[in-house]
Amino acid sequence: MKLQQLRYIWEVAHHDLNVSATAQSLFTSQPGISKQIRLLEDELGVEVFSRSGKHLTRITPAGQTIIEQAGEILRKVDSIKRVAQEFSNEKRGSLDVATTHTQARYALPPMIREFIDRYPEVSLNMHQGTPMQIAEMAASGTVDFAIATEAMEHFGDLVMMPCYKWNRCIVVPRSHPLTQSTALTLEEVAAHPIVTYVFGFTGRSKLDEAFMQSGLTPKVVFTATDADVIKTYVRLGLGIGIMAQMAYDPVLDSDLVSLDASHLFDHSTTMIGCRKGTFLRGYMYDFIELFAPHLNRELVAEAFLLQTRAELDELFADIELPMR
């Protein structure tokens, strides 16, 4: 059994069983991958993949377990490589971060610039997706860090640490009647068509909870994963926008008005984390602290020693998070 064979079955499984696409991503040949998978199956005495002719059709039950174990082995190998890299060159390497559009566009840019200035030899790669996709990428080891707000139930395999709190605003054209309201209410908001985030995305559940608890059924006419798209459709007159306050730019969005909605919806908390057991290099600790200054190296190291979500909550219970 070779590490190369484990890498091949892992990558094939994560390329929708497309051996050709896997070969391209690994810069190798399709016949070479197929041969090594067959050799591994012969050695193990079980099939990892079912086939129809030359095509892989599904992962076998045995293959599912084998691939999961292969993933664990490959992650351990990567950790060993990171340990060596940390001692050989502590300022050179790579960092993959998965997050939502709102975080990538509005929360991360200032600290990303500072991080790159500190570590010019670290290759930084940003991956955007839904909270579920972000959790899957981090859990599988595709990325180093996950930064998300919603769907924390999908992040059970990760050590997730609180970074900051944020709330929503209502964005409307300057001529909109809501700009004349002296004390905005949920009833007033629900009376208008709404453009907002896709359910379970960027704090959408807090919005849904607020309307539900008030016995209101908002008319959501358009949803998007991107705050800039929401603003575009507000400008087109499709409805009023409900989005993260941080996504409103007074200069670039001067044709729109941002109405405070912090009294209408509970705040949300953005979290950062990675897979349990990950070896964190020095620059990875620095990345976390740049994004959330209260998450210093000592606190993060302590968090990684804890076993349960309850222990993590207790560790961070007395920390006053900033509001963005």
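The values are calculated or read from the model by the stated rules, or taken from the named source; none is laboratory data. Every value quoted in this text rests on a predicted model; they were computed, and no experiment measured them. As a convention, Cβ positions derive from the backbone with ideal geometry for all residues, glycine included, and neighbour counts pool all protein chains shown. Accessible surface is based on the protein model in full, side chains and every heavy atom, while ligands, DNA and RNA are left aside. Shrake-Rupley method; radii C 1.70, N 1.55, O 1.52, S 1.80 Å.
If the cut-off is 22 Å between C-alpha atoms, which lysines fall inside it for residue 76, apart from same-chain ones fewer than 8 positions away?
Filter leaves 2, 91, 276.
Please compute the alpha carbon radius of gyration of the chain, then divide it by the globular-protein estimate 2.2 N^0.38 Å. Two decimals is fine.
1.17
Could you report the stretch 12-86's accessible area per residue, 1.4 Å probe, as an integer in Å²?
The answer is 61 Å² per residue.
I'd like the accessible area for residue 76: 1.4 Å probe, protein heavy atoms, all chains in place, Å² to the nearest 10.
Looks like 130 Å² after rounding.
Can you tell me the convex hull volume per residue for the stretch 128-246, based on C-alpha atoms, in Å³ to the nearest whole number?
115
Shape verdict for the stretch 77-140, please, from the Cα gyration tensor: rounded (a/c under 1.5), prolate (a/b greater than b/c) or oblate.
Because a/c hits 1.5 or more and a/b fails to exceed b/c, the stretch 77-140 counts as oblate.
Using amide H atoms built in the peptide plane, which far-off residues or other-chain residues are under 5 Å from residue 49 H to H?
Under 5 Å from the amide H of residue 49: 60.
Along its three principal axes, how long is the stretch 41-116 when you only count alpha carbons? Whole Å, largest extent first please.
52, 35, 20
Where a ≥ b ≥ c are the square roots of the eigenvalues of the C-alpha gyration tensor, would you call the stretch 104-150 rounded, which needs a/c under 1.5, or, failing that, prolate if a/b is larger than b/c, or oblate?
Numbers: a/c = 3.17, a/b = 1.58, b/c = 2.01.
Oblate shape, in that a/c is at least 1.5 and b/c is the bigger or equal ratio.
Take the stretch 27-170, drop everything but the C-alpha atoms, weight them equally and run the Debye formula without solvent; then report log10 I(q)/I(0) at 0.21 Å⁻¹ to two decimals.
Evaluating at q = 0.21 Å⁻¹ gives log10 I(q)/I(0) of -1.32.
Hey, if you put +1 on the Cβ of every Lys and Arg and -1 on every Asp and Glu Cβ in the chain, which of 45, 267, 30 ends up farthest toward the positive end of that dipole?
Ranked along the dipole, the leading option is 30.
Hey, with R₀ at 41 Å, roughly what FRET efficiency would residue 233 and residue 51 work out to, going by the Cβ-Cβ distance, to 0.05?
0.30
How large is ³J(HN,Hα), in whole Hz, for each residue of the stretch 37-48 in order, when computed from phi with the Karplus curve 6.51 cos²θ - 1.76 cosθ + 1.60 and θ = phi - 60°, using x for Gly and Pro?
5, 5, 5, 5, 4, 5, 5, 7, x, 9, 8, 7
Hey, any idea what Rg/Rh is for the stretch 167-314, computing Rh the Kirkwood way over Cα pairs?
Result: Rg/Rh = 1.08.
Rounded to the nearest 500, what is the 222 nm mean residue ellipticity of the chain from helices alone, with -39500 (n - 2.57) per DSSP H run of 4+ residues and division by all residues?
Computed ellipticity for the chain at 222 nm equals -12000 deg cm²/dmol.
May I ask you to evaluate 6.51 cos²θ - 1.76 cosθ + 1.60, the Karplus curve with θ = phi - 60°, for each residue of the stretch 173-186 and list the ³J(HN,Hα) values in order in whole Hz, giving x for glycine and proline?
Whole-Hz 3J(HN,Hα) from phi for the stretch 173-186: x, 4, 8, 5, x, 5, 5, 8, 6, 8, 8, 4, 10, 5.
Mind checking the angle between helix 109-118 and the chain's longest principal axis? C-alpha axes, 0 to 90 degrees, to the nearest 10.
Helix 109-118 sits at roughly 40 degrees to that axis.
For the chain, set up a Gaussian network in which alpha carbons nearer than 10 Å are linked by springs, and say which option among 156, 282, 53 fluctuates the most.
Among 156, 282, 53, the largest GNM mean-square fluctuation belongs to 53.
So what J values fall out for the stretch 290-297 if you push phi through Karplus, 6.51 cos²θ - 1.76 cosθ + 1.60 with θ = phi - 60°, rounded to Hz, Gly and Pro as x?
5, 6, 9, x, 6, 8, 6, 4
Give the percent of DSSP beta bridges with both residues in the chain that are antiparallel, rounded to the nearest 5. Walk me through the numbers on the way to the answer.
Details: 24 of 41 bridges.
Once the DSSP bridges in the chain are tallied, antiparallel ones form about 60 percent.
How big is Rg to Rh over the stretch 256-319, alpha-carbon atoms, Rh as the Kirkwood inverse-mean-distance radius?
We get a ratio of 1.10 for the stretch 256-319.
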